[in-house]
Amino acid sequence: MTDLQAILDGIYTELKPRIGEGRVADYIPDLAKVDPNQFGLTVTTVDGKIYSVGDSAVPFSIQSISKVFMLTLALGKVGEQLWKRVGREPSGSAFNSIVQLEEESGIPRNPFINAGAIAVTDVVISGHAPREAIGELLRFVRYLSDDDGVTIDGRVAKSETHTGFRNFALANFMKAYGNLEHPVEHVLGVYFHQCALSMTCEQLAKAGLFLAARGSNPVAGLSVVSPKRARRINALMLTCGHYDGSGDFAYHVGLPGKSGVGGGIFAVAPGIASMAVWSPGLNKVGNSQLGAVALEMLAARTGWSVF
Ligand code: DON
């Protein structure tokens, strides 16, 4: 029997001298204030056990990891119809790139690049007021993590609203192509708040456990999505979850995963466990530098790679 706690302790001890590596995201002013000298890691297994090291109980801005929860909600609302609005291919471009949108008629390559996530958010709003869509997401994530302590950091949302010019450009561009139903300000209002979800590694690993457990939350014993849908969300995370770093993450870690510029990475070992790592320093493509190293060590030591 693998001693997971011993594996996590070993990874933490080895990485301790490197904590602080990478560069904290600074294009969202409130994220630039985060102390880079932090590292947390949590693994939750499908039988409901939780293993943690480091700053795993410190809330951080999950940013793009929220796109996984919004995608789940959007698929629940419109099913496969979603793919008329968003593609399923890796983009090979930065998460905030606009280049493909013009050649591809305002249809973003996948639901995880910013343009794709903004279209997904538009689907989740589906005729409701922005506030209701934000409430729906918050309730969903609290339910999944079985923790009402999950919050949205209003300062981070505001900070991004004031500086999110690229996202406004992406949303306006899609609106011009008829690929946004609601007003740009409404869609981005929801999008900035979803990105500002503040969660700990422990909350995040628990919230995503259904993706490791064939779509059901094994602790609560409740079905969240079908096994087929869980498999497909995992496939998208593997191919697109780290943007133009997705190939590299698959090569080194070999698990479906989703990163965020807050320095978090959520990953799934299908049938075995979900995990969340957080270390604010990012690599060149905007993904947690030490987070990816930690997951590579974890996958190697547990044999959890899907390959
Ligand atoms: O829209 C943005 O730029 C941010 N709120 C989220 C980007 C992000 O997390 C990219 N991930 N690595």
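Among the residues making up the stretch 100-122, those that are assigned to a loop (DSSP other than H, G, I, E, B) and either without any contact (Cβ under 8 Å) to a residue 60 or more places away in the chain or at positive phi (or both) are Glu104, Ser105, Gly106.
Within the stretch 161-182, identify whether any single residue is part of a helix (DSSP H, G or I), within 16 Å of the ligand (Cβ to nearest atom), under 30 Å from Val58 (Cβ atoms) and of a type in the set (D, E, K, R), and answer yes or no. Yes, that holds for at least one residue.
Screening the stretch 183-204 for residues that are of a type in the set (S, T, N, Q) and outside any helix (DSSP H, G or I) and picking the one that is farthest from the ligand (Cβ to nearest atom) gives Thr200. Checking the stated criteria, Val24 turns out to be closer than 22 Å to Gly164 by Cβ and within 14 Å of the ligand (Cβ to nearest atom). Taking the stretch 277-307 only, how many residues are within 16 Å of the ligand (Cβ to nearest atom) and either closer than 19 Å to Gly215 by Cα or part of a loop (DSSP other than H, G, I, E, B) (or both)? Summing the residues that are within 16 Å of the ligand (Cβ to nearest atom) and either closer than 19 Å to Gly215 by Cα or part of a loop (DSSP other than H, G, I, E, B) (or both) in the stretch 277-307 gives 8. A single member of Ala129, Ala115 is within 21 Å of the chain's Cα centre (by Cα) and either within 13 Å of the ligand (Cβ to nearest atom) or more than 16 Å from Ser64 (Cα to Cα) (or both), and it is Ala115. The requirement of being more than 13 Å from the chain's Cα centre (by Cα), surrounded by fewer than 24 Cβ atoms within 10 Å (Cβ to Cβ) and among the aliphatic types (A, V, I, L, M) is satisfied by Ala235. Take the conditions (1) in the same structural domain as Ile265 (by TED's automatic domain parsing); (2) among the hydrophobic types (A, V, I, L, M, F, W, C); (3) out of contact with any strand residue (DSSP E or B) (no Cβ under 6 Å at 6 or more places or on another chain); Ala169 misses just one of them, which is (1).
Among the residues that make up the stretch 267-276, is at least one of them outside any loop (DSSP other than H, G, I, E, B), more than 20 Å from Phe112 (Cα to Cα) and either within 16 Å of the ligand (Cβ to nearest atom) or touching a residue at least 12 places away in the same chain (Cβ under 8 Å) (or both)? Yes, because at least one residue in the stretch 267-276 is outside any loop (DSSP other than H, G, I, E, B), more than 20 Å from Phe112 (Cα to Cα) and either within 16 Å of the ligand (Cβ to nearest atom) or touching a residue at least 12 places away in the same chain (Cβ under 8 Å) (or both).
The residue list Glu104, Glu21 contains one member that is over 18 Å from the mean Cα position of the chain (by Cα), in the same structural domain as Ala169 (by TED's automatic domain parsing) and either closer than 23 Å to Val268 by Cβ or surrounded by fewer than 22 Cβ atoms within 10 Å (Cβ to Cβ) (or both), which is Glu104. Of all residues in the stretch 45-99, those satisfying the criterion of being among the polar types (S, T, N, Q), buried (at least 18 other Cβ atoms within 10 Å of the Cβ) and assigned to a helix (DSSP H, G or I) are Gln63, Ser64, Ser66, Thr72. Within the stretch 251-266, the set of residues being within 16 Å of the ligand (Cβ to nearest atom) and either among the hydrophobic types (A, V, I, L, M, F, W, C) or over 16 Å from the mean Cα position of the chain (by Cα) (or both) comprises Val253, Val261, Ile265, Phe266.
The values are calculated or read from the model by the stated rules, or taken from the named source; none is laboratory data. What you see is a predicted model; the values in this text were computed from it and never measured. Positions of Cβ are backbone-derived with ideal geometry, glycine not excepted, and every protein chain shown enters the neighbour counts.
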